[in-house]
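Asks: One structure, as structure tokens, below. Some questions next.
None of the figures in this text is laboratory data; all of them are computed from the coordinates on show. Nothing here was measured: the structure is a model prediction, and the numbers come from that model. Every residue, glycine among them, receives a Cβ derived from its backbone with ideal geometry; neighbour counts consider all protein chains shown.
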């Protein structure tokens, strides 16, 4: 809703003397009353004007004066923001507007309502655009509306909708333009999104044929070319507008029309600014649709807006058409504007690896945060898109690691030490590029060998520094966007390097290691399928290398590490049997290396790696309810690590202190995991192991209070300890432990709100507290705890729809909440809670059907739901009770 802006401008009042006679308070009250009356009209309700005047007698004459104008115009353009199911705007009784006969509404937006109409004198079909009612008292918007017609009327281009005439009828301003029989591009995108969702559902059923999938892929390949051709046509049209002094300033999918022949048209120059009429736009106005705004528009920097703002908006539109997702996600204005100003868009090739890399570079250049980094003209943008279609080299070049990361550092000055490291990393990236260039250009074998060695050293530095900086950024509040982009940049480098060396047999080890790095990053970024593919390729290359005569121990250790990482990625994807096989293979290699004894240079590294894999195998077995086997793996891991910790360490490690020793940190984590395994079956032993872990963690946390990783592990241990205490009947002690976990967890989430693990652990703390409160019959306090757990945890279900463990965890919380509601006697609330539990647990089962406990949980949730329904005299159909259960093989 756009509020009225009253002024003493005579053009805005039916009787200027009436308005001038009002004081400031009266004018403010009149504005509010007229705004309320307009809201009523737009909602189909007519407020009692006489009652308004009776309550505000001092405003009677001027209120009636404006009211007459409202009533005269309402039949033509009633409002700007109808609900989705609102009927079409009512038309005048004779449906006549000057020379035009109006038929029906076909669209509306912030600068007007559009009708399909007939121009009677020329017997042609047209579209009529009317100035909206909410703007009729604002002389600036009336002037801007006229400016739209004037600006568009000056432009002649085959992809710009031509203006036929401009007029005014009974105080309603309008213009007539060519009627485009087709759909807006936003509708086209919406259709593709729905098709994609339908396709994913079909894929989920595992019944689609390979032929249908290949046909879909072929169609997708052709679609991107059509989108880019549209982009070329739009950019050419915008260039003509810019050459004539007109900046559109509102390029977005809904302002781009596709006719039935597939031709693209640019329409709605309602926000265009003729550079000869600068005064029409007040300084600081933020105009345009937020998702497609350039950064200078989002900041309200009107003086900086030129044709390059249109380039940005067009690039954001093309990005959406190609990926079917917004360039800047967000549900509210503040979030979107913040992302436009601060966050880089996810590179196109990461979302559409099937597209040419140069296309992503071209889109990225047009969407540069700094307008000077974009194309000088829309024509240059169009020409570079043409080069992509023709497979020719583009003007745009991908920014170097240094370019991107230095820009990131400048936006996060509060973490200056990290920014300095990022700049250093950028310089390392430049060194890599220079070394590669040198290797390509030098003819001498000796010099080429030096260049290759330099490149290898630079890449090792990138590996070490990139990993270290990523770890540091985990502990920096508010740095998650920086860290994510750093990971994306590293992944981009690894992918490029892998593409260059994959056919060189002399670089097989480098290729395997690069794929392993890429897989690890893809897994961390949530792309499980790509991660598994990269890690499998890496593992197969390592297997070939390890089988050769020249194989060395470092290669074998890297091979085992790759197998462990692959197994973890498979676990996250719910492929437990495959994961177990790779864990077993990794342990065999690591044990053979570790058992060579202390004289072996990599003995300590091999022992820590073996202990880590033993622990991971234990976690996998724990998930599949193989508790005794899981315990044996945890115990073996602990024994290995304890033996390692009593061995002499190097002077360097002694200087750094054991708090930084991977073995000591790993030992604490494994002890906590063992406690978690035993907390129900042997709670006394669980308390012992959790106490040992907690003692070490609290000591580490005291010396490193800002270490988020240690804090997160401590919360997990506290949750385990509290659950074991509750199982022993020590409920008061358990409540104290859970409250300690909640206090620590709340501090961690407050500092790192975007980290899902910390939110998940805090939700579990509240859930466990609710269970203990429920056991102690403190039902009111239990309900508060469960509701807090759901408030914190529920967003995770949406954020991670393919994470079976998250879905199952939240299903368990809803089940507990439902049981509590039954205790409170609210059967309806209990049924709703069980229904939510079934929904979430069904997702977990569909993602990982072989996990027995997910199926067991689902049966329990359904049994609970059935019992509460039967208690109310209802029952769930048998097929619905059984429909989502998948037996494990």
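Asks: Which FRET efficiency value, to the nearest 0.05, is calculated for residue 306 and residue 121 with the Förster distance at 51 angstrom and r the Cβ-Cβ distance?
Replies: Values: r = 39 Å, r/R0 = 0.77.
Approximately 0.85, to the nearest 0.05.
Asks: Describe numerically, in nm with one decimal, the distance between label points set 7 Å from Cα along Cα→Cβ at residue 55 and at residue 225.
Replies: The two pseudo-label positions are separated by 6.5 nm.
Asks: Give, in nm to one decimal, the length gained when the segment between residue 703 and residue 260 is fully stretched (0.36 nm per residue of separation minus the Cα-Cα distance). Mind showing how you got there, number by number?
Replies: Numbers: separation 443, 0.36 × 443 = 159.48 nm, distance 6.86 nm.
So the chain would gain 152.6 nm between residue 703 and residue 260.
Asks: Set the Förster distance to 60 Å, then compute FRET efficiency between residue 299 and residue 543 from the Cβ-Cβ distance, nearest 0.05.
Replies: Details: r = 54 Å, r/R0 = 0.90.
Given R0 = 60 Å and the Cβ-Cβ separation, E is 0.65.
Asks: Compute the separation of the alpha-carbon centres of segment 736-766 and segment 661-692 and state it in Å as a whole number.
Replies: Spelled out, the Cα-based centre of one part sits 19 Å from the other.
Asks: Here's something else I'd like to know. At 7 Å along Cα-to-Cβ for each site, give me the label-to-label distance between residue 823 and residue 48 in nm.
Replies: Taking the simple label geometry, residue 823 and residue 48 are separated by 5.3 nm.
Asks: At 0.36 nm per residue, and after removing the present C-alpha to C-alpha distance, how many nm does the segment from residue 193 to residue 181 gain when stretched out fully?
Replies: On the way: separation 12, 0.36 × 12 = 4.32 nm, distance 2.24 nm.
Net length gain for the segment: 2.1 nm.
Asks: Ok, one more. Classify segment 324-375 from the C-alpha gyration tensor, please: rounded if a/c falls under 1.5, else prolate or oblate depending on whether a/b exceeds b/c.
Replies: Details: a/c = 3.24, a/b = 1.34, b/c = 2.42.
Oblate, because a/c is 1.5 or more while a/b does not exceed b/c.
Asks: Right, next: For segment 679-799, which semi-axes, largest first and in whole Å, follow from the square roots of 5 times the eigenvalues of its Cα gyration tensor?
Replies: Numbers: eigenvalues 92, 82, 23 Å².
Ellipsoid semi-axes (Å, largest first): 21, 20, 11.
Asks: How much length is gained if the chain between residue 529 and residue 387 is pulled fully straight, taking 0.36 nm per residue apart and subtracting their Cα-Cα distance, in nm to one decimal?
Replies: 47.9 nm
Asks: Tell me the label-point distance for the pair residue 591, residue 787, using the 7 Å Cα-to-Cβ offset, in nm and rounded to one decimal.
Replies: Placing both labels 7 Å beyond Cα along the Cβ direction yields 5.3 nm.
Asks: In vacuum, with every alpha carbon of segment 746-845 counted as one equal point scatterer, what does the Debye formula give for log10 I(q)/I(0) at q = 0.14, 0.16, 0.21 Å⁻¹? Two decimals, please.
Replies: These q points yield log10 I(q)/I(0) values of -0.50, -0.64, -1.02.
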